[in-house]
1. Which of the residues spanning the stretch 248-267 are open to solvent by 20 Å² or more (accessible area, probe 1.4 Å) and in contact (Cβ under 8 Å) with a residue 40 or more places away in the chain?
2. Where in the stretch 264-332 are the helices (runs of 4 or more DSSP H), entirely inside, with at least 2 residues that are within 24 Å of Gly210 (Cα to Cα) and out of contact with any His (no Cβ under 8 Å at 6 or more places or on another chain)?
3. Within the stretch 34-55, can you find the residues that are farther than 18 Å from Gly294 by Cβ and in a helix (DSSP H, G or I)?
4. Kindly list the number of the only condition in (1) of a type in the set (Ser, Thr, Tyr); (2) part of a loop (DSSP other than H, G, I, E, B); (3) buried (at least 17 other Cβ atoms within 10 Å of the Cβ) that fails for Tyr162.
5. So Lys306 clears everything in (1) farther than 22 Å from Ile175 by Cα; (2) among the charged types (D, E, K, R); (3) open to solvent by less than 10 Å² (accessible area, probe 1.4 Å) except one condition, right? Which one?
6. Would you check which residues across the stretch 209-241 are among the polar types (S, T, N, Q), modelled with pLDDT of 95 or more, within 25 Å of Phe302 (Cβ to Cβ) and more than 15 Å from the chain's Cα centre (by Cα) and list them?
7. Let me confirm something: among Ile75, Ile114, which residue is in contact with a His (Cβ under 9 Å, 6 or more places away or on another chain), at pLDDT below 85 and surrounded by 16 or more Cβ atoms within 10 Å (Cβ to Cβ)?
8. For residues that are of a type in the set (Asp, Glu) and over 20 Å from Glu135 (Cβ atoms), scanning just the stretch 194-232, find the one that is least open to solvent (accessible area, probe 1.4 Å).
Amino acid sequence: MRNNSDCKFLDIRETQIAIKSLKDFFQRDLANTLNLTRVSAPLFVRPETGLNDNLSGKEKAVDFKIRKYDMNVEIVQSLAKWKRHALKKYGFKDYEGIYTDMNAIRPDEEFDEIHSVYVDQWDWEKIIKKEDRTESYLHYIVKEIYSVFLRTESFINTIYPYCLSPKLPKDIYFITAEDLLERYPDKSPKEREYAICKEKRAVFLQGIGGDLKNGQPHDSRSPDYDDWTLNGDILVWNPTTQNVLELSSMGIRVDENRLRIQSELSNTCDRLEQAYHKALLNYELPYTVGGGIGQSRLCMFFLERKHIAEVQASVWTDEFLEEARMRGIQVL
């Protein structure tokens with residue numbers, strides 16, 4: 001580990017250059033590793049298509065009317081369902097995939113060190129075969145993505161050897177949400193994540209959305225894209241903030257059977273009448289694996305910043321801006 005007193009701190013201009021270098025390297029390596037093609041994606045969709053992501057079901061998408069055409073649209077909350085539709089439309093084949101920049105506005109977010117009203121991530125999706133809908137294939141994909149994290153860390157640390165240090169372990173640790181509950185039965189979900197990540201430093205926490213043995217899910221997930229048994233989060237221990245940082249949410253997507261099951265469990269069967277859901281139930285969409293990787297969070301982690309405002313241009317309260325000035329936080 002470096003001696004902080006010997007570190008040349010990146011100023012705000014140098015930080016912008018570092019962000020560009022980091023993002024360029026990461027997305028190229030991710031595309032090469034997972035066989036992904038860069039595509040353009042919508043900023044907004046029509047709600048009746050069912051293509052928008054409902055997240056936990058509590059967040060309300062930002063919407064507006066295109067006045068001249070009396071058309072209502074919603075800003076996307078993620079592209080989980082749109083990507084699956086796009087893979088079919090563009091004629092992609094087995095083990096080919098896409099990735100895109102996803103930008104969203106989430107006005108219900110509570111500001112803190114890793115959350116703002118603006119969301120920027122790489123959304124990716126890849127076609128698989130039905131027989132690939134297994135835990136072993138999920139773990140294979142997670143390891144591939146983690147290898148990109150490792151190479152990205154090596155790349156950026158080589159550019160800034162006096163500012164940055166290694167943070168990731170050689171291997172990522174796999175554990176299910178159920179096993180994590182059994183290990184820490186008296187802790188809350190966030191406390192369990194904190195404990196396992198502090199110990200292992202890089203963790204894939206699998207099985208998020210369905211109820212655990214205590215009758216509660218580890219966290220909420222929309223029922224109509226991830227298979228709750230074959231999904232998870234890539235979590236890392238961030239030594240800069242001394243806390244857990246989620247870098248990716250991902251998983252093997254629902255097939256027609258899991259869509260019905262999860263819709264019944266979540267009392268959202270009304271969604272099955274939407275165009276996207278009908279296409280899935282009618283076997284018209286490919287089987288896929290996919291997810292999102294936070295761009296600002298990735299930069300925050302590898303560039304060793306304490307607050308997301310240091311790597312992302314967003315809107316902040318006057319109180320935070322004053323606090324940032326007092327703490328020496330460089331707000332972009």
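1. If the condition is that a residue be open to solvent by 20 Å² or more (accessible area, probe 1.4 Å) and in contact (Cβ under 8 Å) with a residue 40 or more places away in the chain, then Ser249, Leu265, Ser266 are the ones that fit.
2. Counting at least 2 such residues, we get 275-281.
3. Once the filter is applied, which keeps residues that are farther than 18 Å from Gly294 by Cβ and in a helix (DSSP H, G or I), the stretch 34-55 yields Pro47, Glu48, Thr49.
4. Condition (3) is where Tyr162 drops out.
5. (3)
6. Asn238
7. Ile114
8. Asp224
The values are calculated or read from the model by the stated rules, or taken from the named source; none is laboratory data. This is a predicted model, so every value here is computed, not measured. Positions of Cβ are generated from backbone atoms using ideal geometry, with glycine treated the same way; all protein chains shown enter the neighbour counts. Areas reflect the complete protein model, heavy atoms only, side chains present, ligands, DNA and RNA absent. Shrake-Rupley method; radii C 1.70, N 1.55, O 1.52, S 1.80 Å.
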